[in-house]
1. If you take the Cα Rg of region 62-106 and divide it by 2.2 N^0.38 Å, with N the number of residues, what do you get?
2. Between Rg and the Kirkwood Rh of the chain, both from Cα atoms, what is the Rg to Rh ratio?
3. Would you calculate a helix-derived [θ] at 222 nm for the chain, using -39,500 (n - 2.57) for each DSSP H run of n ≥ 4 and dividing by the full residue count, to the nearest 500?
4. What are the equivalent ellipsoid semi-axes of region 1-86, built from the alpha-carbon gyration tensor (square roots of five times its eigenvalues), in whole angstrom, biggest first?
5. Among the lysines in region 98-147, how many pairs, 8 or more places apart or on different chains, have alpha carbons under 24 Å apart?
6. Pull out the extension gain between residue 19 and residue 32, defined as 0.36 nm times the separation in residues minus the alpha carbon to alpha carbon distance; nm, one decimal.
7. Taking the convex hull of the Cα atoms, report for region 80-133 its projected area averaged over all directions, in nm².
8. Taking a probe of 1.4 angstrom, what is the accessible area of residue 36 in Å², to the nearest 10?
Amino acid sequence: MITYDELYKQIHKITEVSNVFLYLIEERSMCDTQITCDLFFDYVEKVKNHLEIQDNHLYSSILKDGDDKSKKIAENFMSGSIEIKRIFQKYLKKWSHPGKHKLLISNYDKFNDETKEIFEMVLNRIQDETEHLYPLIRSISGNMKKVA
C-alpha cells in the first residue's frame, strides 16, 4: 500500500537532489568528484523507483474504476512513463558508467545542456502528477490518504 505522503516525500527528495546536482555541475570540476557521482546515481535510483511505484500501484485503479476520460489520462501517464524511461536510458548510456558509478563527460557543455533538459523533463512530470494524476486518483477512489 502506498500513501500520498510517501509519494510527496519521494517527489520532495527527487526535487531536492535535482536542485543540488544541477547547482554542482555548473562548475565543471565538480562533475568529476565522487560526491557528485554519488548524488547523480542517487537521483537516478529515486526517479526509477518513483516511476516503478506508479507503474505498479497507481494506474490499475484508474483503468479499473475510472470513466473513459480518466482512463485516457492514465494511459497518457503510462505512455509518458515509458518515454521518460527510454530517454533516461539513452541519456545514462551516453553520459555514465552505471556499474562503476561514474560520469563519462567528454563534452561538458553538451552534458550540462542535456542534463538540464532531462532533469526539467522529470520535474515537469512530477508537477503533472501532483496537479492532475493524484487528484484524479483521489476523485475515483475517494481515499485522501492511500493511493492504492
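The values are calculated or read from the model by the stated rules, or taken from the named source; none is laboratory data. Keep in mind that what you see is a predicted model, and the values were worked out from it rather than measured. Heads up, the Cβs are rebuilt from the backbone with ideal geometry, glycines too, and the neighbour counts pull from every protein chain shown. These accessible areas exclude ligands, DNA and RNA; they are computed on the full protein's heavy atoms, side chains included. Shrake-Rupley method; radii C 1.70, N 1.55, O 1.52, S 1.80 Å.
1. My calculation over the Cα atoms of region 62-106 gives 1.77.
2. 1.03
3. -25000 deg cm²/dmol
4. 32, 13, 10
5. Value for region 98-147: 4.
6. Using 0.36 nm per residue and subtracting the Cα-Cα distance, I get 2.9 nm.
7. 4.1 nm²
8. For residue 36, the solvent-accessible surface is approximately 0 Å².
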